[in-house]
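In what follows, a single structure is set out as structure tokens and then discussed.
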Amino acid sequence: MPVYHDPEDAPSELQRLLLLAVPVNQHGFKSISHLAKLLGLSRWAIQKWIVSEKIPPNRAVQVVDLAEGRVSLADFSRFVYTL
């Protein structure tokens, strides 16, 4: 999986939001793998969100909490699916 210096380089809007949310890793990069580790998920689980452009509501809340103000739940509103 690629790493990014700038989340704006990500190919999709949901991926950009996820990368904005994740703090940089120990090397100063942002990655979906690092986000997966912080959430206790596989990177493939998050990749499924990106491909489907859908994220579970509880996971959106977790991502926003992790973001410490870098993104809001409203930013994810069009990607959150209802149960």
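The values are calculated or read from the model by the stated rules, or taken from the named source; none is laboratory data. A quick note: this is a predicted structure, and the numbers were derived from the prediction, not measured. As a convention, Cβ positions derive from the backbone with ideal geometry for all residues, glycine included, and neighbour counts pool all protein chains shown. In case anyone asks, the SASA skips ligands and DNA or RNA and just uses the protein heavy atoms, side chains included. Shrake-Rupley method; radii C 1.70, N 1.55, O 1.52, S 1.80 Å.
Dividing the helix sum by the residues of the chain, where each DSSP H run of 4 or more adds -39500 (n - 2.57), gives a mean residue ellipticity at 222 nm of -13000 deg cm²/dmol. The heavy atoms of Glu53 offer some 80 square angstrom of accessible surface to a 1.4 angstrom probe. On the chain, 54 percent of the accessible area sits on carbon and sulfur atoms, based on a 1.4 Å probe.
A 1.4 Å probe over all protein chains sorts Leu39, Leu20, Leu73, Leu14 by accessible area into Leu73, Leu20, Leu39, Leu14, starting with the largest. The mean sequence distance of close C-alpha pairs (under 8 Å, at least 6 residues apart), as a share of the length of the chain, puts its relative contact order at 30 percent. Among the chymotrypsin sites (Phe, Trp or Tyr not before Pro) within the stretch 48-83, those in coil by DSSP and having at most 16 neighbouring Cβ atoms inside 10 Å are Tyr81. In this structure the chain gives 58 Å² per residue of accessible area when probed at 1.4 Å with all protein chains present.
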